[in-house]
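Working notes, beginning with the structure itself.
The values are calculated or read from the model by the stated rules, or taken from the named source; none is laboratory data. In this text, all values refer to a predicted model and were calculated from it rather than measured experimentally. Note that we place each Cβ from the backbone using ideal geometry, even for glycine, and neighbour counts take in every protein chain shown. Ligands, DNA and RNA are stripped out before the accessible areas are found, and what is left, the full protein with its side chains, is counted by its heavy atoms. Shrake-Rupley method; radii C 1.70, N 1.55, O 1.52, S 1.80 Å.
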Amino acid sequence: MTQADEAQASGSQVTALRAIAPARSGNIFEETIECLLQIIRLGIIPPGQRFPPERELAEQLRVSRATLREAISELQTAGWVNVRRGRGGGTFVSSTPAGGWAPASGSDAGAHLGAEFSAVEVEDTLTWRRVIEMGVAEVAAGQDLTAPQRGQLAAAMDTSRQSSLAEYRRLDSQLHLTWAQVTGSPSLVRSMVESRTRANKLLERIPMIEPNLVHSHEQHQRIHNAILAGDAAAARTAMAEHLDGTAALLRGFLAEP
């Protein structure tokens, strides 16, 4: 490849990276992971090739270096990238990505992590979950909660916050179901059960990411506080932000490029 070709390729890569840059929201960490996975899966950075240097990549993606470093660390743990130190080091796309998935090459997309889920199924589950769980948060906040109900909410919140990594998803589901229970609507409880069942089938196909769990606990607290305060609008908004963070990860790991 000539210097002119390299310059053109580099310029195209920068343009692509900026186009995929995560939106500014309360879920910048999760969206950064989604963005990096899109870059890998679309083949913008081919297997075995190096990402731009950290400072440059952070500027192109318009995120802080700390957020970028944290996201790369989690993707390295999950097997999507390799970080090499020293001369000639950097962040490289794994030659054999996690789950046997291979970035698209020509017309061949290859198998990927979560191949049993179509893009339509993933989006349908995320849409269903958004409608049901935002509605649950809003209705729960509109209830005249009794002292026992407030105690039930506080206990579920504390248990979820203190959960181990291995127990997180079970106790997370329990917390969301508790929010549904205080609505007083059996139909909403059944809908929440279906929502969590469908979402967990997707979540089981992606790695547990500790910074995301910390972020989720913070979002849970905001939802909890809004419900206890009787602020339906705040509860709905906080739940939307929480679901958007999870959706960003699921789309990043599971959605077709």
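Note that segment 69-85 has calculated 3J(HN,Hα) couplings of 4, 5, 5, 4, 4, 5, 5, 5, 4, 7, x, 8, 9, 10, 10, 10, 9 Hz, one per residue in order, obtained from phi through the Karplus relation 6.51 cos²θ - 1.76 cosθ + 1.60 (θ = phi - 60°); glycine and proline are x. In whole percent, how big is the carbon plus sulfur part of the accessible area of segment 136-183, probe 1.4 Å, protein atoms only? Roughly 50 percent, rounded to a whole number.
Close amide H contacts of residue 81 (hydrogens built in the peptide plane, cut-off under 5 Å, sequence separation of 5 or more or a different chain): 76, 94. Solvent exposure of segment 145-226 amounts to 46 Å² per residue of accessible area, where only protein heavy atoms count and the probe is 1.4 Å. Under the simplified labelling scheme, the residue 152-residue 204 pair shows an inter-label distance of 2.7 nm, with each label point 7 Å from Cα along Cα→Cβ. Between the alpha-carbon centres of segment 30-64 and segment 162-177 there is a gap of 31 Å.
Count the net charge of all other residues whose Cβ sits under 15 Å from the Cβ of residue 236, scoring Lys and Arg as +1 and Asp and Glu as -1.
Values: positive: 129, 130, 222; negative: 133, 138, 231, 241, 244.
Around residue 236, the surrounding residues sum to -2.
Per-residue Karplus couplings for segment 228-236, computed as 6.51 cos²θ - 1.76 cosθ + 1.60 with θ equal to phi - 60°, are listed in order as 5, 7, x, 9, 5, 5, 5, 5, 5 Hz, Gly and Pro entered as x.
Got a sec? What order do 158, 172 fall in by accessible area at 1.4 Å, biggest, i.e. largest, first?
Details: 158 65, 172 10 Å².
Putting 158, 172 in descending order of accessible area: 158, 172.
The 3J(HN,Hα) values that the Karplus relation (6.51, -1.76, 1.60; θ = phi - 60°) gives for segment 127-139 are, in residue order, 5, 4, 5, 4, 5, 5, 6, 5, x, 4, 4, 5, 5 Hz. Gly and Pro appear as x. Once all protein chains are placed together, residue 205 keeps about 90 Å² accessible to a 1.4 angstrom probe.
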